[in-house]
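Asker: My questions will all concern the structure given below.
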């Protein structure tokens, strides 16, 4: 009797195993025509449905009730004001950078990190790095031209992230912007709970080459700065640094135009 039960159990396990393998094969065949990036996004979507804090496409935003009132934030964490107004519009650089980043965030361009001849994607498309150069454009800087000039003047400084420079894409690489900002920005704390050190217009880099955003002038109720960034999510100004799980912060910079040599400094021209 025991032998018969064991044989029956083995048969059931065998049938289940064959069904599992067959289902896996069919799934792979269905995905076979898709690029691996798409497959990865499908997997990420499935995983994030189980844990919203890891979702790069979900809203992930706090409600307006979770935002610290601006007068309270200004009192507790006085805003950093840039001594530079590069485009001479009567607004300091940091405020302009926040404004430019917010304009892109509110426009919600379709997420697109593809390669474009000439470098720039269409105005209604973009990735995390596109929000950054558009933010700098609002302050009067041509970030692409500055990055290209800096790579040309010191290729060794960028060799780890661009062994073969390509002006069509270099300024849209997070790793390249990380190097550029480490050269021409103040290096600041990586700890989001050091509240006063996080100011609107700062640039934050995650995992060196994975993601980048602009620090907002908004804060949550606990003083954690919001981030303006593009992961393809619906709400692109959110409390990402306060998420239970978020990518590791590896860079936090405050751009300092006085550090940029004249041979590299470029103004934006329409």
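The values are calculated or read from the model by the stated rules, or taken from the named source; none is laboratory data. These figures come from a predicted structure and were not determined experimentally. We place every Cβ from the backbone using ideal geometry, glycine too, and count neighbours over all the protein chains shown.
Asker: Identify all residues within region 195-219 that are more than 19 Å from residue 256 (Cβ to Cβ) and outside any strand (DSSP E or B); write none if there are none.
Answerer: 195, 207, 208, 209, 210 - these are the residues of region 195-219 that are more than 19 Å from residue 256 (Cβ to Cβ) and outside any strand (DSSP E or B).
Asker: Under 9 Å between Cβ atoms, at least 6 apart or on separate chains: pull out the pairs that start in region 245-263 with a residue that is closer than 25 Å to residue 210 by Cβ and end on any residue that is assigned to a loop (DSSP other than H, G, I, E, B) and at pLDDT below 95.
Answerer: 245/51
Asker: With respect to residue 162, is the statement that it is touching a residue at least 12 places away in the same chain (Cβ under 8 Å) and more than 17 Å from residue 257 (Cα to Cα) true? It would help to see each step written out before you state the result.
Answerer: Details: touching a residue at least 12 places away in the same chain (Cβ under 8 Å): yes; more than 17 Å from residue 257 (Cα to Cα): yes.
Judged against the criteria, residue 162 is a match.
Asker: Which of the numbered conditions does residue 164 fail, given that it passes all the others? Conditions: (1) loosely packed, with under 15 Cβ neighbours inside 10 Å; (2) in a loop (DSSP other than H, G, I, E, B); (3) touching a helix residue (DSSP H, G or I) at 6+ places or on another chain (Cβ under 9 Å).
Answerer: Failed condition: (3).
Asker: Kindly evaluate residue 222 against the criterion of being assigned to a loop (DSSP other than H, G, I, E, B) and touching a strand residue (DSSP E or B) at 6+ places or on another chain (Cβ under 9 Å).
Answerer: no
Asker: Another question about this same structure. Can you name the number of the only condition in (1) surrounded by fewer than 18 Cβ atoms within 10 Å (Cβ to Cβ); (2) at positive phi that residue 186 fails?
Answerer: (2)
Asker: Still on this structure: Of (1) closer than 30 Å to residue 75 by Cα; (2) buried (at least 22 other Cβ atoms within 10 Å of the Cβ); (3) over 12 Å from the mean Cα position of the chain (by Cα), residue 214 satisfies all except one. Which?
Answerer: Exception for residue 214: condition (3).
Asker: Pick out, from region 68-156, the helices (runs of 4 or more DSSP H) lying fully within it that include 3 or more residues that are over 16 Å from residue 199 (Cβ atoms). Step through it out loud before you land on a result.
Answerer: Details: elements: 70-76, 93-107, 128-138, 143-153.
Where helices (runs of 4 or more DSSP H) fall fully within region 68-156 and carry at least 3 residues being over 16 Å from residue 199 (Cβ atoms), they are 93-107, 128-138, 143-153.
Asker: Oh, and also: Kindly provide the set of residues from region 171-189 that are in contact (Cβ under 8 Å) with a residue 40 or more places away in the chain and part of a helix (DSSP H, G or I), ordered by number.
Answerer: Taking region 171-189 as the starting set, the residues that turn out to be in contact (Cβ under 8 Å) with a residue 40 or more places away in the chain are 171-174, 177-178, 181-189.
171, 172, 174, 177, 178, 181, 182, 183, 184 - these are the residues of region 171-189 that are in contact (Cβ under 8 Å) with a residue 40 or more places away in the chain and part of a helix (DSSP H, G or I).
Asker: When region 231-256 is examined, which residues are found to be assigned to a loop (DSSP other than H, G, I, E, B) and surrounded by 22 or more Cβ atoms within 10 Å (Cβ to Cβ)?
Answerer: 236, 239
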